[in-house]
Amino acid sequence: MERTLQVLVMLVLFALCLWLMYRAWTKRAVRQASVIGDLPPVPADCGAQLLEPTTGLYLGSTLAPSWIQRITVGDLGFRATAELTRFERGILLERDGAATIWIPQESITAVRAERGHAGKVMTEDGVLVIRWTLPTGTEVDTGFRGDDKAVYPAWTAAATKTGDEA
């Protein structure tokens, strides 16, 4: 009987912890909603493709410059397998099981390789980070861990060639 009571208490504490984490996540989303606003829609014509699609893992988006302050609005905070493609007019991030993200060219302020992003720490230059400005004026960092890290220099060079900082 004593053992059963201990197990029940542990289950209740575990459920309470899960509920508190969920509540904190949703409250953060409510606080961030006005700062994030609506994402730019994907245009009908993205322009010429500048880089081949890169497959990998979307790590999430964070409020710049903090690489730990994850955005929880909508599905921006959830990791997903994704494909990243560079076009003349911007970057298209197609995520499996989540909404597609369009990053307009004029919003991109930097594309760089970093060690970590959104709570994910990798080896040196293991994460491709795109810093861009939302229509609300908020700067965010979007993290992508590519399956092939050898393409990162092409991504950072493409940002430089189009007039952006790398």
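General observations
- Restricting attention to segment 17-29, the residues being under 18 Å from the mean Cα position of the chain (by Cα) and hydrophobic (A, V, I, L, M, F, W, C) number 2.
- Restricting segment 71-86 to residues that are of a type outside the set (A, V, I, L, M) and assigned to a strand (DSSP E or B) leaves a set whose member that is farthest from residue 39 (Cα to Cα) is 81.
- Members of segment 92-133 found to be more than 26 Å from residue 150 (Cβ to Cβ) and in contact with a Pro (Cβ under 8 Å, 6 or more places away or on another chain), listed by number: 104, 107
- Cβ separations smaller than 9 Å between residues 6+ apart or across chains give the following pairs from segment 85-100 residues that are aliphatic (A, V, I, L, M) to residues that are modelled with pLDDT of 90 or more and part of a loop (DSSP other than H, G, I, E, B): 92/42; 92/100; 93/100.
- Residues that are among the aromatic types (Phe, Trp, Tyr) and open to solvent by 90 Å² or more (accessible area, probe 1.4 Å) do not occur anywhere in segment 25-37.
- In segment 54-70, the residue that is surrounded by the fewest Cβ atoms within 10 Å (Cβ to Cβ) out of those that are small (Gly, Ala, Ser) and either out of contact with any Lys or Arg (no Cβ under 6 Å at 6 or more places or on another chain) or not in a strand (DSSP E or B) (or both) is 66.
- Within segment 40-53, the set of residues being open to solvent by less than 60 Å² (accessible area, probe 1.4 Å) and hydrophobic (A, V, I, L, M, F, W, C) comprises 46, 48, 51.
- Which numbered condition residue 116 fails, given (1) surrounded by 14 or more Cβ atoms within 10 Å (Cβ to Cβ); (2) in contact with a helix residue (DSSP H, G or I) (Cβ under 7 Å, 6 or more places away or on another chain): (2)
- Count of residues meeting criterion [surrounded by fewer than 14 Cβ atoms within 10 Å (Cβ to Cβ) and either at pLDDT 90 or above or within 17 Å of residue 71 (Cβ to Cβ) (or both)] in segment 120-146: 3
- Close Cβ contacts (under 7 Å, 6 or more residues apart or on different chains) running from residues in segment 24-53 that are closer than 30 Å to residue 87 by Cβ and part of a loop (DSSP other than H, G, I, E, B) to residues that are among the acidic types (Asp, Glu) and open to solvent by 80 Å² or more (accessible area, probe 1.4 Å) comprise 47/88; 48/88.
- In segment 79-112, residue most open to solvent (accessible area, probe 1.4 Å) [restricted to those that are closer than 17 Å to residue 55 by Cβ and among the small types (Gly, Ala, Ser)]: 97
- Count of residues meeting criterion [within 12 Å of residue 58 (Cβ to Cβ) and outside any strand (DSSP E or B)] in segment 114-146: 1
The values are calculated or read from the model by the stated rules, or taken from the named source; none is laboratory data. Here the structure is a predicted model, which is why all the values come from computation and not from measurement. Neighbour counts run over all protein chains shown; Cβ positions are idealised from the backbone, glycine included. Just the protein is used for accessible areas: all its heavy atoms, side chains included, with ligands, DNA and RNA removed. Shrake-Rupley method; radii C 1.70, N 1.55, O 1.52, S 1.80 Å.
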